[in-house]
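Written out below as structure tokens is the structure these notes cover.
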Amino acid sequence: MQMETQLRELLAQKTGEVQTVSPEMTVCAAVELINARKIGSVLVTDGDRLIGIFTERDVLRRVVGERRDPARTRVADVMTRELVVMKPTSTVQDAMTVVAERRCRHLPIVEDGKLVGVISAGDLNAWLIRDREFDIEQLVDYINGKYPA
């Protein structure tokens, strides 16, 4: 594993489907989905078109922080519209740079205009841990003489 690994490889390791909601859904309904699935965001779609993302941060800032009624507020009114999307051919390094610079935790992955998945900061961290564990195992094997010559 390396930092040049394409995001499509990370997506292949993920289970479950991408959770999407309608822009007309209420914040209460969207939060119920987020809580039930134990996820940090849902993508907002209008038909097949990706139009935004609704995150835990949106709930705190734009709903609770603005004292909006979550039962009456539509997701479209409080979602993040300025999406940062990546391609499946983008690398882990590319994604980590975007997460660090843009301070976003969820990156929709789009190919040929179609949503194919989501990579989270947690997914990137888990990948890095597995990568480092592999490197450590290889070094230990080398030190112990188990490394193939």
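The numbers here are math on the coordinates, done by the rules we state, and not lab data. All values reported here derive from a predicted model rather than from experimental measurement. Methodologically, a virtual Cβ is constructed for each residue, glycine included, from the backbone with ideal geometry; neighbour enumeration extends over all protein chains shown.
Nearest 0.05, what FRET efficiency do residue 137 and residue 87 give at R0 = 35 Å with Cβ-Cβ as r?
About 0.65, to the nearest 0.05.
For residue 98, what charge total do you get from the other residues with a beta carbon under 12 Å from its beta carbon, if Lys and Arg give +1 and Asp and Glu give -1? Before the final figure, lay out each step's value.
Details: positive: 87, 102, 103, 105; negative: 94, 101.
Overall, the nearby charge balance is +2.
Once you put a point 7 Å from the Cα of residue 57 and another 7 Å from the Cα of residue 125, both along the Cβ direction, what distance in nm separates them?
Result: 1.4 nm between the two label points.
When a footprinting reagent is the concern and you count Cβ atoms within 10 Å, what order do 14, 114 take, fewest first? Walk me through the numbers before you get to the answer.
On the way: 14 13, 114 10.
Neighbour counts put them in this order, fewest first: 114, 14.
Distance from a point 7 Å along Cα→Cβ of residue 8 to each backbone N in the stretch 79-116: keep the residues under 18 Å and list them by number.
86-95, 108-116
Over the chain, with a Gaussian network built from C-alpha contacts below 10 Å, which listed residue (30, 126, 76) shows the highest mean-square fluctuation?
Ranking 30, 126, 76 by mean-square fluctuation puts 126 first.
Report the FRET efficiency, 1/(1 + (r/R0)^6), for residue 35 and residue 97, where r is their Cβ-Cβ distance and R0 is 30 Å, rounded to 0.05. It would help to have the intermediate numbers written out before the result.
Values: r = 31 Å, r/R0 = 1.02.
Efficiency at R0 = 30 Å is approximately 0.45.
Can you give me the C-alpha center-to-center distance between the stretch 57-117 and the stretch 1-50, rounded to a whole angstrom?
The stretch 57-117 and the stretch 1-50 have Cα centres separated by 10 Å.
Could you count how many Lys pairs in the chain have their Cα atoms under 21 Å apart, skipping same-chain pairs fewer than 8 positions apart? Numbers along the way, then the final one.
Details: 14/38; 14/87; 14/114; 87/114.
The result is 4.
If you take every residue apart from residue 79 with its C-beta less than 14 Å away from the C-beta of residue 79, what net charge results, scoring Lys and Arg +1 and Asp and Glu -1? Intermediate results must be reported in sequence, preceding the final value.
Values: positive: 49, 57, 61, 62, 68, 74, 81; negative: 24, 46, 56, 58, 66, 77, 82.
Combined, the nearby Lys, Arg, Asp and Glu give 0.
I need the semi-axes of the equivalent ellipsoid of the chain: take the C-alpha gyration tensor, multiply each eigenvalue by 5, square-root it, list largest first in whole angstrom.
Working: eigenvalues 262, 50, 32 Å².
Rounded to whole Å, the semi-axes are 36, 16, 13.
Defining a contact as two alpha carbons under 8 Å apart and six or more residues distant in sequence, what relative contact order in percent does the chain show?
Working: 184 pairs, mean separation 36.6, N = 149.
Computed value for the chain: 25 percent relative contact order.
Can you give me the long-range amide H partners of residue 116? Hydrogens built in the peptide plane at 1.01 Å from N, cutoff under 5 Å, separation of 5 or more residues or another chain.
109, 110, 111
Only Lys, Arg, Asp and Glu count, each charged at its Cβ (+1, +1, -1, -1), so figure out the dipole size of the stretch 7-143 about its Cα centre, rounded to 20 debye.
Numbers: 20 positive and 22 negative charges, 128 e Å.
For this selection, approximately 620 debye.
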